[in-house]
1. What number of residues within segment 62-76 satisfy the criterion of being under 50 Å from the mean Cα position of the chain (by Cα) and assigned to a helix (DSSP H, G or I)?
2. Tell me the residue from 223, 189 that is in contact (Cβ under 8 Å) with a residue 12 or more places away in the chain and out of contact with any strand residue (DSSP E or B) (no Cβ under 9 Å at 6 or more places or on another chain), please.
3. Looking only at residues in segment 457-488 that are modelled with pLDDT under 95 and out of contact with any helix residue (DSSP H, G or I) (no Cβ under 7 Å at 6 or more places or on another chain), which one is nearest to residue 434 (Cα to Cα)?
4. Would you mind listing the helices (runs of 4 or more DSSP H) fully within segment 413-530 where at least 3 residues are without any contact (Cβ under 8 Å) to a residue 40 or more places away in the chain?
5. Take residue 408 and tell me if it is closer than 26 Å to residue 474 by Cβ, buried (at least 23 other Cβ atoms within 10 Å of the Cβ) and either without any contact (Cβ under 8 Å) to a residue 60 or more places away in the chain or out of contact with any helix residue (DSSP H, G or I) (no Cβ under 7 Å at 6 or more places or on another chain) (or both).
6. Residues of segment 212-224 being touching a helix residue (DSSP H, G or I) at 6+ places or on another chain (Cβ under 6 Å) and at pLDDT 90 or above, which ones?
7. Go through segment 264-280 residue by residue and tally those that are touching a helix residue (DSSP H, G or I) at 6+ places or on another chain (Cβ under 6 Å), surrounded by fewer than 20 Cβ atoms within 10 Å (Cβ to Cβ) and not in a loop (DSSP other than H, G, I, E, B).
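The values are calculated or read from the model by the stated rules, or taken from the named source; none is laboratory data. Just so it is clear, the model here is predicted, and its values are computed rather than measured. Virtual Cβ from ideal backbone geometry, glycine too; neighbours counted across all protein chains shown.
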């Protein structure tokens, strides 16, 4: 008897699926179906009555069960895919509870982050034909992982540089594997959390540029992802390699674990690394597509300077646009690139770009600028390249249509040009434009921090104050630190007091800690007054340090002159010579006295670093002047911690991102404290000390937390970009931290610490410095051991580095 086959394309709901499956069954009994499904009577390959009941009465069926049923009903294999599609549509007929969902097949790839493609004569459609990547077809590739995730939930993360095709690869994969599932493209981590709180079935969560959803207390957490995975949700994410490396790398010796939460989340993902260049097999497939008539693929294959996906996304044109710009367009583009690398995330306003641009032109170019220079430059920068990306893309607001809210630099251009400009000095006009035109408190805080790292204290203060007015608590801590570092402790106290009076418990705790430090310094100052009045040089030096600890460095020169008048004391280096000159040793003891009030352990640590740094310098055969600069840099490397709130400096638990930003500021605050005190003494400072404290020593203070691989702070310098004095101090600093331990980590032996230094050579440290230290440690082991013979009690070994 002929049975008319139902049409699976008409199936959209569970009842329709049940009706179609019953029509396929016709008059076959359960026993007939079981026998037809398993003619060889093999165990576990038939169709038990319970399975058939679920299938024909409730529409419940796995992909495998449906295929067995179709075989039993003699449905041709070429029709199975259409029936699987019918099953998916029926099972996803009711959307999950989250708002803003669409079917995967209805998603616009451009809105999901897929780059617009270059134009070419004869090209049709928004996108060129998709070239299957090797990961699409291999075990544990993107599609294989998605198929497994569809069964029980999973997260698939594609890691690759900008414009290598991550988003396109992921988009094509979900279309192939999960075409009828629902898709959520969340605006932020909060929307992901909302999805986790609701019933979620057959849902794909699209997290292009995953880093946008991470970080801080509001960022996406591993706990939220676990809830989604346990509900069977599939998460698809993309990220740049440097971000992935930063999040997943274990912290260096003695460093706080800043990205523990991000690493915990990423551990839940199946990771696929997508290469920028095509493999031989991928290129062969591309050539076949080009031969079949895709003009964009054919055009991309003719270029050898960039990867094929980057050509398609107009990467060469983006770089060419930047390099070939006239002075005014180049000024606008470089201002946008610099603003972005300094921390601006929000769209850049035309007013900001116009105000920033003049500093990128020389005096003749500024004089010759036509009246419409900015409009012409902006038109050039925002021009669409080959029908694809623009160097500077217009961006709309979140609630407006047809209105430009600002401009953002194309990802690939920012990645490329940002690397070229990372050591280039940002002109004053750009800094002032950022001060005058940024409105987002997060942007203001990040750029303020970048200004502070570059010792541009006035710009940093202005940006922090703007951020505070917009409600940024983090900016309060950073500005207070900056003020303390500049000797304006009274202003910092007023800042914390205002926040405390507003009811902020954390501000009240910080204020109490700061006042307690001042009171301890004041009591010690009163106790030492009698000794200093006799003209005792050591007492005068210590009193000067206590004034610094009390937040009164501006009173130190007057005290010094008074003591000189009372008793003409000899200089530390020339006891036979009487006089009032301030030596580097005087300055060192003053600052160490202040540091001891803050943290006795940090003083001892600093003195050890100074000695260790000299050992390394001697092992490298440094000149005497360079060796002295290294000695002072080691001694003063942590002096900026005078400005760090005690509640952060002595915290035993893991630091938050906001607290870590305060710790990072100790390098620039240290430069401010040392240079400021030297400047206060002015003509009283010994000439040799003035020379030493103007360059090499200050560079060692500022950059001793840079890493040789470029992943340190404050500037992300790499290799020989890092000043020599800082590379020496970095080795000494971490070695001491490992040997003495911290509150969150026990002390290690000298041998174990040396092994760690060897392992980190070339990553955290300059290999040349490590080699010199290992050689010196071997020849002067007894001396090295004597440095650490009396280790402080655990409660003094506090967290910060």
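1. Residues meeting the conditions: 6.
2. 189
3. By that ranking, first place goes to 469.
4. Output list reads 441-453, 457-469, 473-485, 489-501.
5. It is false that residue 408 is closer than 26 Å to residue 474 by Cβ, buried (at least 23 other Cβ atoms within 10 Å of the Cβ) and either without any contact (Cβ under 8 Å) to a residue 60 or more places away in the chain or out of contact with any helix residue (DSSP H, G or I) (no Cβ under 7 Å at 6 or more places or on another chain) (or both).
6. Listed by number, the residues that qualify are 213, 214, 220, 222, 224.
7. Residues that pass the stated criteria total 2.
Residue by residue, here is whether (1) surrounded by fewer than 20 Cβ atoms within 10 Å (Cβ to Cβ); (2) in contact with a strand residue (DSSP E or B) (Cβ under 8 Å, 6 or more places away or on another chain); (3) touching a residue at least 60 places away in the same chain (Cβ under 8 Å) holds:
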position	(1), (2), (3)
86	no, no, yes
125	yes, no, no
128	no, no, yes
140	yes, yes, yes
144	yes, no, no
165	no, no, yes
176	yes, no, no
